[in-house]
């Protein structure tokens, strides 16, 4: 037994409030009647007053409100297994975790911004399989393709600068590793989202993009950073900034967004390039592009379905309201006319206190006997 819409159970407070209002109203009526004298004697002389019936009607209305609330909350009882087939796209997200991603042209820094936006994208997925690849000077699959979005979000928390010892930016290697992570038999339904500042270090990203295109992979690069360049901070063990990375000549190194390579990757694979913005809207736009691709059947699974039984409390609640409507607040009236049993020959109405008068024939027989 369960309820599908548990928020509606807050309406149960109304039923208790209704009963409290009925009880308060009856007490107020009794207090008003007691002003005329002793309450018991006054009630005996007042024809048609029944506080018991009024309280019973209030209880019926309150219980009916409870039943209707349970119906609104979608009362469910009993289960059955149902095979559910899902359709979607295989999506792998490759995130650059090199030192250059510590640049702060996107707050708090490039990597933190990327991880935050990827988490939001994962929360927006419905039925698609998601995988994660981390890369710097090397690349590896952090999370294989899965529909378990909670697990993917958990793997995402491990993305940091120290995740890969070999530093650099191996965009080509990231594309190759991601391509192998897709199903080899499938030549479409594959999307690779590449989040990087675009500074590749001789890993032939364009050659890797051609190999990916042959496997049916569409790449959507998202450039993170600024074309003007941003220094790369250095932090100590306590997380305090101690300076910036410098070259051999002692000059501060500026990490610039390399858009040219990313745009060429798009031309090869047929995707679309986006530049990261502080608002992070580009990942939502990428997801809309991906949803326009042909979907494939990702398999079926048995899902436990609960049977709706809200009809039961709904019918009971309506029946209680009908009974409450039929029962009068005062004794007599329509209720007695329908349900009260009368003795045969007993007069009704205002003449109920008088005996039945004899007919003319009966009066003549009486006179003869006399």
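Looking at this structure, is residue 64 part of a helix (DSSP H, G or I), under 30 Å from residue 316 (Cβ atoms), modelled with pLDDT under 85 and outside the structural domain of residue 130 (by TED's automatic domain parsing)? Lay out the reasoning, then the answer.
Details: part of a helix (DSSP H, G or I): yes; under 30 Å from residue 316 (Cβ atoms): yes; modelled with pLDDT under 85: no; outside the structural domain of residue 130 (by TED's automatic domain parsing): yes.
No; evaluated as a whole, the condition is false for this residue.
Being over 42 Å from the mean Cα position of the chain (by Cα) and under 17 Å from residue 167 (Cα atoms) is the filter here, so list the residues in the stretch 249-266 that pass it.
The answer is 253, 254.
State the number of residues belonging to the stretch 86-106 that are modelled with pLDDT of 90 or more and part of a strand (DSSP E or B).
7
Where residues in the stretch 107-139 are in a loop (DSSP other than H, G, I, E, B) and in contact with a strand residue (DSSP E or B) (Cβ under 9 Å, 6 or more places away or on another chain), which of them is surrounded by the fewest Cβ atoms within 10 Å (Cβ to Cβ)? Outline the logic, then answer.
At the first step, the residues of the stretch 107-139 found to be in a loop (DSSP other than H, G, I, E, B) are 107-109, 125-128, 136-138.
From the residues that got through so far, the ones that are in contact with a strand residue (DSSP E or B) (Cβ under 9 Å, 6 or more places away or on another chain) too are 109, 125-128, 136.
Details: 109: 18, 125: 18, 126: 9, 127: 12, 128: 23, 136: 25.
Once the filter is applied, the top-ranked residue is 126.
Tell me which residues, restricted to the stretch 140-173, are part of a helix (DSSP H, G or I) and in contact with a helix residue (DSSP H, G or I) (Cβ under 8 Å, 6 or more places away or on another chain).
Residues of the stretch 140-173 part of a helix (DSSP H, G or I): 149-156, 161-163, 171-173.
Matches in the stretch 140-173: 149, 152, 153, 156, 161, 171, 172, 173.
Listed here are the residues, each with its yes/no results for (1) over 34 Å from the mean Cα position of the chain (by Cα); (2) over 19 Å from residue 258 (Cβ atoms).
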site: 148; (1), (2): no, yes
site: 151; (1), (2): no, yes
site: 165; (1), (2): yes, yes
site: 177; (1), (2): yes, yes
site: 195; (1), (2): no, no
site: 217; (1), (2): no, yes
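Criterion first (modelled with pLDDT under 80, part of a helix (DSSP H, G or I) and within 53 Å of the chain's Cα centre (by Cα)) does residue 335 satisfy it? Please lay out each step first, then the result.
Values: modelled with pLDDT under 80: yes; part of a helix (DSSP H, G or I): yes; within 53 Å of the chain's Cα centre (by Cα): yes.
Taking the combined requirement at face value, the residue satisfies it.
What about residue 369, is it touching a helix residue (DSSP H, G or I) at 6+ places or on another chain (Cβ under 7 Å), over 25 Å from residue 186 (Cα atoms) and at pLDDT below 85?
Values: touching a helix residue (DSSP H, G or I) at 6+ places or on another chain (Cβ under 7 Å): no; over 25 Å from residue 186 (Cα atoms): yes; at pLDDT below 85: yes.
Criteria not met by residue 369.
I'd like the residue in the stretch 279-296 that is outside any helix (DSSP H, G or I) and in contact with a strand residue (DSSP E or B) (Cβ under 9 Å, 6 or more places away or on another chain) and, out of all such residues, is farthest from residue 113 (Cα to Cα). Working first, answer last.
Taking the stretch 279-296 and keeping what is outside any helix (DSSP H, G or I), we get 279-280, 292-296.
Filter again for in contact with a strand residue (DSSP E or B) (Cβ under 9 Å, 6 or more places away or on another chain), leaving 293, 295-296.
On the way: 293: 27, 295: 29, 296: 31 Å.
Among those that are outside any helix (DSSP H, G or I) and in contact with a strand residue (DSSP E or B) (Cβ under 9 Å, 6 or more places away or on another chain), it is 296.
What pairs can you find where one residue is in the stretch 59-73 and closer than 19 Å to residue 325 by Cα, the other is outside any helix (DSSP H, G or I), and their Cβ atoms are less than 8 Å apart, with a gap of 6+ or different chains?
These pairs meet every condition: 60/327.
Take the stretch 230-240 and flag every residue that is surrounded by 15 or more Cβ atoms within 10 Å (Cβ to Cβ) and assigned to a loop (DSSP other than H, G, I, E, B). Step through it out loud before you land on a result.
So in the stretch 230-240, the residues surrounded by 15 or more Cβ atoms within 10 Å (Cβ to Cβ) come out as 230-233.
The answer is 232, and nothing else.
Here are some conditions: (1) assigned to a helix (DSSP H, G or I); (2) surrounded by fewer than 16 Cβ atoms within 10 Å (Cβ to Cβ). Residue 227 meets all but one. Which one does it not meet?
Result: residue 227 fails condition (1) only.
In the stretch 313-321, is there at least one residue being surrounded by 11 or more Cβ atoms within 10 Å (Cβ to Cβ), part of a helix (DSSP H, G or I) and either modelled with pLDDT under 85 or in contact with a strand residue (DSSP E or B) (Cβ under 6 Å, 6 or more places away or on another chain) (or both)?
Within the stretch 313-321, the subset surrounded by 11 or more Cβ atoms within 10 Å (Cβ to Cβ) is 313-321.
In the following step, the residues that additionally are part of a helix (DSSP H, G or I) were identified as 313-321.
From the residues that got through so far, the ones that are either modelled with pLDDT under 85 or in contact with a strand residue (DSSP E or B) (Cβ under 6 Å, 6 or more places away or on another chain) (or both) too are 313.
Yes, the stretch 313-321 contains a residue that is surrounded by 11 or more Cβ atoms within 10 Å (Cβ to Cβ), part of a helix (DSSP H, G or I) and either modelled with pLDDT under 85 or in contact with a strand residue (DSSP E or B) (Cβ under 6 Å, 6 or more places away or on another chain) (or both).
Can you spot a residue in the stretch 182-189 that is within 26 Å of residue 126 (Cα to Cα) and buried (at least 16 other Cβ atoms within 10 Å of the Cβ)? Quick ask: steps written out before the conclusion?
Filtering the stretch 182-189 for residues within 26 Å of residue 126 (Cα to Cα) gives 182-189.
Okay, now just the ones that are also buried (at least 16 other Cβ atoms within 10 Å of the Cβ), so 182, 189.
The answer is yes, given that some residue of the stretch 182-189 is within 26 Å of residue 126 (Cα to Cα) and buried (at least 16 other Cβ atoms within 10 Å of the Cβ).
The values are calculated or read from the model by the stated rules, or taken from the named source; none is laboratory data. Here the structure is a predicted model, which means the values were calculated and not measured. Reconstructed Cβ throughout: ideal geometry from the backbone, glycine too, with neighbour counts over all protein chains shown.
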